[in-house]
Every structure is written in C-alpha cells, then in structure tokens.
Amino acid sequence: DSQIHVALAGNPNCGKTTLFNLITGANGYVGNWPGVTVEKKEAKLLSDKNVTITDLPGIYSLSPYSPEEQCSRDYLMSGEPDVVVQVVDATNLERNLYLALQVIETGLPVVVALNMADLVEKNGDKIDTDKLSKKLGCPVMMISALKNKGIKELFEQVKKSAASKGQVPEHKFDSSIEDVLDHIENNLPASVPANKRRYYAVKLFERDADACKLINLTKEKAARVEELVAQCEQDCDDDAESIITGERYGVIAHIIDECMTKAPAKMSTSE
Ligand code: GDP
Ligand code: K
Ligand code: MG
C-alpha cells in the first residue's frame, strides 16, 4: 500500500508517548500485540494521513528476554515498518544509545530523534549531531516532544529515510571481534540482504535461538560458526553475549567522548 509505516522505538521514559500524542492527536487504535498483554498503539500522523505511527513498548535492549523486547524485535523484523524513529533521551545518552545501536543494526532505515533538547540546553551540555550522525551512520535530529520543537523537520527526514534502503551500521567493535563477525557474515546465505548481514552475524555470535532458526545454516557452517565463537569466548574469558554487551558499551563510550561536551560542573553557591 501507499502508507508509510513508522515505528517509534526507545527506552522507557524517553518521551515516546509525549511524541506519539503530539503527532497523532492520540486518536488511534489501542490494543495488544498478538498473544501478549503488551499494549500496542497505532495512529495516523495528524499532518499526513498516509503515515501510520506504531508505538513500540519501552525497552532497554533487543534481546528477547521480556515480552516487550520480543514484540519490539518481531515487529522491527516483520517487514512492516518502512522507517524507525529511535527516540533517545538526550540527557541520558549512554543508556539510550545501547538500544539505539541495536536498532540501527537491524538495517532498517533509522532516524535518531534526540529528545529533551530543552533540558540539554538548560543543562548547558552540547551534542554535536552531525558528528553523532556520522558515527551512527543515520540521520540524527534534536527535538523536544514536550515543547513541540524540531518535529516538522524530524518528519521531513522520516519521509526521506522511509524511501531509502536503510543503512549498513557504521560502528565497529574491537578488531578481534570484527574478524569473527566477518567470518560469520561470510557464512550467511546470500539471500540475507547487505543491510541485515551484520545484525544476523551478531545474533548468531550471541547464539540467539530465533536468529539461528531463521537463518538455518548447514550443519557444517553452523559447526564452523560455533567453533569461532567458542574460540573467541576462550580468548576473551567471557561468554558471547557479555562480549557483545561490553563491545557496545565500548562503542558508546567512544561516541559520547567524541560527540558530547558536558557543561563545566557548577560551582556551589550555597555556602
Ligand atoms: P515514554 O515512557 O517514553 O512514553 O515517556 P513519556 O512520554 O511518558 O515521557 C516521560 C516524561 O518525560 C514525562 O514526564 C514527559 O512530560 C517528559 N518529557 C517528554 N518529552 C520531553 C521533552 O522534550 N522535554 C522535557 N523537558 N520533558 C519531556
Ligand atoms: K523523565
Ligand atoms: Mg509511553
């Protein structure tokens, strides 16, 4: 159909509901995701009826350990969303980028909306959105859902991105881990498109059950991948999932270091 499907993703408390209500007038459908009691909200964009917005549950990660994470991940990988607006609480970059990196890795077109721009400004912090956009490999826009700032520009970008093929993620882990991920990528079937190969390589590295089932490697290839992962775990003296978690936080620390300038700590005036 000619509808553009936009998924709103983000951590709890990042301002997704505030944004959803602002852009849709909250006149949509409220129900549940199939088979679970997780709320699903869907509504048309007030300024353009050809755009449908789906509010995903607030989550911290895309690992499917909770029904909320599972719903979000299933929807993102379902083929329905044309573009994801990744809402980020810009006053809490470290925690919020942990999910954002994973959503970017899905290969779907992503626009990062740095929300709470008003608070960032009030705190005197500076975020270099151009640099952040280069580091993440997708557009990054400052917005304030509460103050209705930057929303029009955000949706101009969202429409452009919806028409794009999505990004191959820019961020890189430690080279020893990248080597293993490269090997895994080379073992993936040719049918896995370029922008989704890293996502599945990471998921196979993590021995993710859904991904293993879906990709269904030949016995020989599965054994080869397992050998590589097990060797990497031995070298790092850590389990595969923790290795990836550690790598994500490493990438995030570097990104924050490069893209954010904290206001100098205020002198106490209370003495
Ligand atoms: P959700 O959990 O992601 O749905 O977050 P909510 O929309 O419920 O917002 C969480 C809190 O952040 C609420 O108190 C909102 O009023 C507040 N909030 C949302 N967006 C902004 C913003 O742009 N600026 C400020 N200062 N507060 C915001
Ligand atoms: K808050
Ligand atoms: Mg909410």
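For the stretch 90-108, what are the residues that are out of contact with any strand residue (DSSP E or B) (no Cβ under 6 Å at 6 or more places or on another chain) and over 25 Å from D210 (Cβ atoms)?
Those that are out of contact with any strand residue (DSSP E or B) (no Cβ under 6 Å at 6 or more places or on another chain) and over 25 Å from D210 (Cβ atoms): T91, N92, L93, E94.
What number of residues within the stretch 1-23 are more than 17 Å from the chain's Cα centre (by Cα), crowded, with 21+ Cβ neighbours inside 10 Å and away from ligand 2 (no atom under 16 Å from the Cβ)?
Residues in the stretch 1-23 being more than 17 Å from the chain's Cα centre (by Cα), crowded, with 21+ Cβ neighbours inside 10 Å and away from ligand 2 (no atom under 16 Å from the Cβ): 1 in total.
So W33 clears everything in (1) in contact with an Asp or Glu (Cβ under 6 Å, 6 or more places away or on another chain); (2) over 20 Å from V88 (Cα atoms); (3) surrounded by 14 or more Cβ atoms within 10 Å (Cβ to Cβ) except one condition, right? Which one?
So the condition that W33 fails would be (1).
Please go through the stretch 59-110 and give me each residue that is part of a helix (DSSP H, G or I) and of a type in the set (V, I, T), ordered by number.
Across the stretch 59-110, the qualifying residues are T91, V103, I104.
Give the residues of the stretch 139-179 that are closer than 25 Å to C232 by Cβ and assigned to a helix (DSSP H, G or I), sorted by residue number.
S175, S176, I177, E178, D179
The rows are residues; the columns are (1) closer than 30 Å to I4 by Cβ; (2) in contact with a helix residue (DSSP H, G or I) (Cβ under 6 Å, 6 or more places away or on another chain).
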{"residue": "H183", "(1), (2)": "no, yes"}
{"residue": "Y199", "(1), (2)": "yes, yes"}
{"residue": "D208", "(1), (2)": "yes, no"}
{"residue": "A240", "(1), (2)": "no, yes"}
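Return yes or no: is D82 free of Cβ contacts under 8 Å to residues at least 12 places away in the same chain, open to solvent by 20 Å² or more (accessible area, probe 1.4 Å), of a type in the set (D, E, K, R) and away from ligand 2 (no atom under 16 Å from the Cβ)?
no
Being open to solvent by less than 30 Å² (accessible area, probe 1.4 Å), among the acidic types (D, E) and farther than 30 Å from D235 by Cβ narrows it down to one of D130, D125, so name that one.
D125
When you go through I4, I53 one by one, which is the residue that is away from ligand 1 (no atom under 16 Å from the Cβ) and either β-branched (V, I, T) or in contact with a Gly (Cβ under 7 Å, 6 or more places away or on another chain) (or both)?
Answer to the selection: I4.
Go through (1) over 18 Å from D82 (Cβ atoms); (2) within 13 Å of ligand 1 (Cβ to nearest atom); (3) modelled with pLDDT of 90 or more for I23 and report which single condition fails.
It fails just one condition, (1).
Right, D179: open to solvent by 80 Å² or more (accessible area, probe 1.4 Å) and either within 26 Å of T24 (Cβ to Cβ) or not hydrophobic (A, V, I, L, M, F, W, C) (or both) or not?
Yes.
Criterion first (touching a residue at least 40 places away in the same chain (Cβ under 8 Å) and either open to solvent by less than 40 Å² (accessible area, probe 1.4 Å) or under 26 Å from T129 (Cβ atoms) (or both)) does K172 satisfy it?
Yes: the conditions hold for K172.
F155 passes all but one of (1) open to solvent by 20 Å² or more (accessible area, probe 1.4 Å); (2) within 30 Å of N50 (Cβ to Cβ); which number fails?
Status for F155: all satisfied but (1).
Pairs under 8 Å by beta carbon, first residue closer than 20 Å to A230 by Cα and open to solvent by 40 Å² or more (accessible area, probe 1.4 Å) in the stretch 240-264, partner of a type in the set (G, A, S) and outside any helix (DSSP H, G or I), six or more apart or different chains?
E241/S63
Starting from residues that are in contact with a Lys or Arg (Cβ under 7 Å, 6 or more places away or on another chain) and in a helix (DSSP H, G or I), keep the ones in the stretch 117-137 and report whichever is farthest from ligand 2 (Cβ to nearest atom).
Among them, the one singled out is A117.
Filter the stretch 180-204 down to residues that are of a type in the set (G, A, S) and assigned to a helix (DSSP H, G or I), then give me how many there are.
2
When you go through (1) more than 16 Å from ligand 1 (Cβ to nearest atom); (2) within 13 Å of the chain's Cα centre (by Cα) one by one for Q86, which number turns out not to apply?
Q86 satisfies every listed condition except (1).
The values are calculated or read from the model by the stated rules, or taken from the named source; none is laboratory data. Worth saying up front: this structure is predicted, and the values here are computed from it rather than measured. Reconstructed Cβ throughout: ideal geometry from the backbone, glycine too, with neighbour counts over all protein chains shown. Keep in mind that these areas ignore ligands, DNA and RNA; they rest on the heavy atoms of the full protein, side chains included. Shrake-Rupley method; radii C 1.70, N 1.55, O 1.52, S 1.80 Å.
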